[in-house]
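Have a look at the structure below, then the notes.
Nothing in this text is a laboratory measurement; each read-out follows from the coordinates by a stated rule. The model shown is predicted, which means the values in this text are computed figures rather than measured ones.
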Amino acid sequence: MYNDDYGWAAGLGIGVVIFGIVLYLAILALVLWIGYLIIRTAVKNGILKADEERAARGYPPRPGGAYPPQQGYSGPPAPGSGPQQGPSST
């Protein structure tokens, strides 16, 4: 008498569940990525601020930081500016 074929509804339900799981994982990944970017920026700015305060107090730079300017050797001489070496012309 009645057509009790609900197979299409079961398939639709599984599709909705799969779509919901994918959507949940995508939102979770987006939230974690944005949180990572915020934390990374905060840490970078904190390190830069700490370096500025350390420099203002006169402390040496942190380990692994940039080298301070040094006196003395300034690099190789420009070509042709030093004494000529090679076979003598006399």
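Here the Karplus relation 6.51 cos²θ - 1.76 cosθ + 1.60, evaluated at θ = phi - 60°, turns the backbone of the stretch 10-21 into coupling constants of 5, x, 5, x, 5, x, 5, 4, 5, 4, x, 5 Hz, with x for every Gly and Pro. Computed from phi, the 3J(HN,Hα) profile of the stretch 43-53 under the Karplus parametrisation 6.51, -1.76, 1.60 (θ = phi - 60°) reads 5, 4, 5, x, 5, 5, 5, 5, 5, 5, 5 Hz, with x in place of Gly and Pro. Taken one residue at a time, the phi angles of the stretch 22-37 give Karplus couplings (6.51, -1.76, 1.60, θ = phi - 60°) of 5, 5, 4, 5, 5, 5, 4, 5, 5, 5, 5, 5, 5, x, 4, 5 Hz. Gly and Pro are set to x.
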